[in-house]
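Visitor: Before we start, here is the structure in question, set down as structure tokens.
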Amino acid sequence: MNRNLLIGGGLSLLASLLHVAIIFGGPAWYRFFGAPARYAWAAERGEWWPSLVTMAIAAMLAIWALYAFSAAGCLRRLPLLKPVLLIITAIYLLRGLALLPIWLWRPEALNAFAVWSSLICLGYGLFHAAGLSQRWRELA
């Protein structure tokens, strides 16, 4: 079992569960966790789309967790494991590194949510990258 991919999968699963909790937490949770204001306003009005979008994100993160667990050796091998895990890792790393161009070209757009979410995604991506590099040959 690959510890880095286990941690990466666990983090993705935790993020998925947090997104589900945000739906149940309602508008205050959308605001607290940094969702765009229009999500909280729509949730206050009882509109369905913020829950749908948030549930789609939760589902995607859960699938990403399954792929990390599969690559770690905990689950049966999922289809296209190596390329999918490579894409997941790239998305996490790029999302984490997105902070740099914002900081350089639009520093006024930086806020606590942008900084923390970027650092979290960068951490997730680093666990995935380390695990992927350790398992690269076995995943061929």
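Every read-out reported here was derived from the displayed coordinates using simple, explicitly stated rules and does not represent laboratory data. The shown structure was predicted, so the numbers you read here are calculated from the model rather than taken from an experiment. When we count neighbours, we look across all protein chains shown, and the Cβ atoms used for this are built from the backbone with ideal geometry, even at glycine.
Visitor: Of Tyr67, Tyr39, how do they rank once you tally other Cβ atoms within 10 Å and put the fewest first?
Guide: If I rank by nearby Cβ atoms, fewest first, I get Tyr39, Tyr67.
Visitor: Out of (i) -0.42, -1.31; (ii) -0.38, -1.22; (iii) -0.44, -1.47, which label holds the value of log10 I(q)/I(0) by the Debye sum over Cα atoms at q = 0.10, 0.22 Å⁻¹ that was computed here?
Guide: (ii)
Visitor: As I understand it, the value is the acute angle between the Cα axis of helix 81-97 and the longest principal axis of the Cα atoms of the chain; what does it come to in degrees, rounded to 10?
Guide: 40 degrees
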